[in-house]
1. Output the residues belonging to the stretch 18-38 that are surrounded by fewer than 24 Cβ atoms within 10 Å (Cβ to Cβ) and out of contact with any helix residue (DSSP H, G or I) (no Cβ under 9 Å at 6 or more places or on another chain).
2. Look through 251, 219 and report the one residue that is of a type in the set (Phe, Trp, Tyr), part of a strand (DSSP E or B) and over 18 Å from residue 105 (Cα atoms).
3. Taking the stretch 122-147, which residues are buried (at least 24 other Cβ atoms within 10 Å of the Cβ) and among the charged types (D, E, K, R)?
4. I need the full set of residues from the stretch 19-37 which are at pLDDT 95 or above and of a type in the set (Gly, Ala, Ser), in order please.
5. Checking the condition without any contact (Cβ under 8 Å) to a residue 40 or more places away in the chain and not charged (D, E, K, R), which residue from 371, 405 passes?
6. Given the conditions (1) closer than 30 Å to residue 36 by Cα; (2) touching a strand residue (DSSP E or B) at 6+ places or on another chain (Cβ under 8 Å), which single one is not true for residue 110?
7. Quick check: is even one residue across the stretch 398-420 of a type in the set (A, V, I, L, M), over 29 Å from residue 296 (Cα atoms) and outside the structural domain of residue 39 (by TED's automatic domain parsing)?
8. Would you mind stating whether residue 402 is under 28 Å from the mean Cα position of the chain (by Cα) and either surrounded by 16 or more Cβ atoms within 10 Å (Cβ to Cβ) or in a loop (DSSP other than H, G, I, E, B) (or both)?
Amino acid sequence: MDREDIEDIIAVILGGGRGERLYPLTKDRAKPAVPIAGKFRLVDIPVSNCIHADIDRIFVLTQFNSTSLNRHIVQTYRFDAFSRGYVQILAAQQTIESADWYQGTADAVRQNLRRFLDIGSKYVLVLSGDQLYKMDYQKMLQNHIDNDAEITVAVLPVERDQVKEFGILKTEPDGRIIEFKEKPQDGEEISNMEIKEDVFEHHGVKPKGRSHVASMGIYIFNSDILEDAIGEKMDFGKHIIPDEIGKRRIYAHYFDGYWRDVGTIRSFYEANLELTKIVPPFDFYDEHSLIYTRPRFLPGSKINSCMVESSILCEGSILTESIIKNSVIGVRSIINSGAVIENSVIMGADQYDRVKDQCSGATLIGIGRGSMIRNAIIDKNARIGCNVRIVNEQGLINFDSDKYSIREGVVVIHKDATIPDNTVI
């Protein structure tokens, strides 16, 4: 691939709407700003993938609670004076062309389309802001160019019993997409969408019992057809791709690495806990494909007589005489003596309590003495008192209050919430 081709692409990261499936983590922040793995933000994943692919003109589209996202982007991604690179947030705004908020993924791109086309790039890479994966976008672009494609869709091999959860594509042996079904339920319909084993192997993928391919929500469009392809449609996956099949040259880019949609509380929770495994499915430790985030210049974590098992401990934390198992402990976490934390995500804090706060007798940021936290997510700056039990005592599936929510059995303590001493949740 010519250097000119790589330099002729821009990336657009879709930040999503209200992020209702990730509520309450999106109560006070945009979806791409949700912390993950203790010290990163969801937006760091696609941005880092772009940087590794030498794609340095990146737009993030969002409309809800974008303050913390904007602050993170500004403090993290600063390209040097000799680079034309940037990461720019485009929030929904009233213009002469439109007074409406984004009505869908395609509408978000349409409302900013003139800005993208004025750049003059040949290709537009469209990405999701709530996925955990590493992909070489250069390979996808090379595939797009080799196929003389107008649209390329990244696809993931899935097993038959997973088909009902995804948008499923059927391709010719050369990768050209000929059919799309959104979450097919009918058995015959599912069978008709099967991909033969030799087609998988032709694209360098071993079937391993997988029989279908699912859209990953990652697309490359030729810029000269983007405006016409979007038209008045509202969503890429539900409307544009199905409508354009048969009209344009649309090809699949087969991907066989780790990929996780973290758009729900349960999937977000499980993706974090998977990182605590001895050999995690997603590798934050690969020096050749690092995930970048904001440098905080915090001191190393201090561990005082604790038992820690299969957990991630981020910088600036102080843990004292506590038991931590299969958990992610975020930056600046304070965990006091006698606390037990199991299978949980502690997001940490944006700051430490001041000396005068520590002397006031008030509940402090962090986990209080003797508290038990199991199967939970504790959002940033939460104040958990002493002898608190956060264990979903009643076995609730879904529940909301002003201080905590329960989603699919996972207790989520809201950002900045205070849970008084001796509370049982």
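1. 20, 27
2. Sole residue among the options that is of a type in the set (Phe, Trp, Tyr), part of a strand (DSSP E or B) and over 18 Å from residue 105 (Cα atoms): 251.
3. Within the stretch 122-147, just 130 meets the criteria.
4. Across the stretch 19-37, the qualifying residue is only 37.
5. 371
6. So residue 110 meets the others, but not (2).
7. Scanning the stretch 398-420 turns up at least one residue that is of a type in the set (A, V, I, L, M), over 29 Å from residue 296 (Cα atoms) and outside the structural domain of residue 39 (by TED's automatic domain parsing).
8. In short, yes.
The values are calculated or read from the model by the stated rules, or taken from the named source; none is laboratory data. Because the structure is a prediction, the values reported are computed rather than measured. Please note: Cβ atoms are built from the backbone with ideal geometry, for glycine as well, and neighbour counts cover all protein chains shown.
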